């Protein structure tokens, strides 16, 4: 279980001090898929980076399974079981897919075992196992390979920062299936996804809304999602409504 207590984060820019996260207290329980949503610039990705250890909060405390990890590095948190997937996965020229999965596992891994992780994310192992993690791979392929590394690591908390960013519709459909599979097989762990996408919100156990750097709402999917879909002032409400209208129009056309 992850606990954030009174977390704030600020930076200095040319206009002086700027507060991005403001006194957020939040619990991410085990065996849950939590989706964090909210307006662009609201602090969602910053919050994810703080949890992963990429950024350090200005004030507040972070506890993971009861241990204070506020001052621990990203490497230390990774060793404790916190996995982080970037919006744009890192490319590694000269490193093969199997090498990356072995690094994530932290131990020697057979080709057949590595192939199982690739199969779980919908990739044909024969085609990918020896490929380099470079520009020859599409955004969707890189995203799924990155998820395969998190599966290999068996993270206690897996954080995905806007996984839909930069991928095509076909890859997005496959990504949803991967997350659905992760949700079905969750076991003494938790998943946190930063996303604006209605289809990802639809598979959440709980939804957290961050607006203006503050915690605006938290609750079950059934409690929070209708407010996002039906209220003009809600986070991305207009966007979600437009998706619904487009779907109805497509159905009518067929």
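The values are calculated or read from the model by the stated rules, or taken from the named source; none is laboratory data. Values in this document were obtained by computation on a predicted structure and should not be read as measured data. FYI the Cβ positions are ideal-geometry reconstructions off the backbone, even for glycines, and counts take in every protein chain you see.
Within the range 86-103, at least one residue is surrounded by 12 or more Cβ atoms within 10 Å (Cβ to Cβ), in contact with a strand residue (DSSP E or B) (Cβ under 8 Å, 6 or more places away or on another chain), touching a residue at least 24 places away in the same chain (Cβ under 8 Å) and closer than 23 Å to residue 28 by Cα. Looking at residue 62, is it modelled with pLDDT of 95 or more and under 30 Å from residue 229 (Cβ atoms)? Here the answer is no, as residue 62 does not meet what is asked. Listed by first and then second residue, the pairs linking a residue in the range 132-143 that is more than 11 Å from residue 165 (Cβ to Cβ) to a residue that is in a strand (DSSP E or B) and modelled with pLDDT of 80 or more, with Cβ atoms under 8 Å apart and 6 or more places separating them unless they lie on different chains, are 132/95; 132/96; 133/95; 133/96; 142/133.
Yes or no: residue 230 modelled with pLDDT under 90 and loosely packed, with under 13 Cβ neighbours inside 10 Å? Judged against the criteria, residue 230 is a match. Candidates 8, 45, 25: the one that is under 21 Å from the mean Cα position of the chain (by Cα), at pLDDT 90 or above and over 27 Å from residue 188 (Cβ atoms) is 8.
Could you tell me whether any residue of the range 15-23 is surrounded by 18 or more Cβ atoms within 10 Å (Cβ to Cβ) and in contact (Cβ under 8 Å) with a residue 24 or more places away in the chain? Yes: the range 15-23 contains one or more residues that are surrounded by 18 or more Cβ atoms within 10 Å (Cβ to Cβ) and in contact (Cβ under 8 Å) with a residue 24 or more places away in the chain.
Condition check ((1) more than 28 Å from residue 31 (Cβ to Cβ); (2) modelled with pLDDT under 80) across all residues:
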| position | (1), (2) |
| --- | --- |
| 135 | yes, yes |
| 143 | no, no |
| 167 | no, yes |
| 183 | no, no |
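Sort through 152, 125, 165 and tell me the only one that's within 24 Å of residue 51 (Cβ to Cβ), surrounded by 17 or more Cβ atoms within 10 Å (Cβ to Cβ) and out of contact with any strand residue (DSSP E or B) (no Cβ under 9 Å at 6 or more places or on another chain). Checking each option against the conditions leaves just 152.
State all residues of the range 24-34 that are buried (at least 20 other Cβ atoms within 10 Å of the Cβ) and either more than 12 Å from residue 59 (Cα to Cα) or free of Cβ contacts under 8 Å to residues at least 60 places away in the same chain (or both); if no residue qualifies, say none.
Filtering the range 24-34 for residues buried (at least 20 other Cβ atoms within 10 Å of the Cβ) gives 24, 28, 33-34.
Passing the criteria: 28, 33, 34.
Could you check the range 96-115 and list, in sequence order, the residues that are under 24 Å from the mean Cα position of the chain (by Cα), closer than 22 Å to residue 78 by Cα and modelled with pLDDT of 80 or more? Answer for the range 96-115, where residues must be under 24 Å from the mean Cα position of the chain (by Cα), closer than 22 Å to residue 78 by Cα and modelled with pLDDT of 80 or more: 96, 97, 98, 99, 100, 101, 102, 103, 104, 105, 114. Just to be sure before I move on: is residue 51 buried (at least 20 other Cβ atoms within 10 Å of the Cβ), farther than 23 Å from residue 142 by Cα and at pLDDT 95 or above in the structure I sent? Taking the combined requirement at face value, the residue does not satisfy it.
Within the range 116-133, the set of residues being at pLDDT below 80 and not in a loop (DSSP other than H, G, I, E, B) comprises 120, 125, 126. Among the residues of the range 57-83, the ones that are more than 19 Å from residue 189 (Cα to Cα) and touching a residue at least 24 places away in the same chain (Cβ under 8 Å) come to 5 in all.
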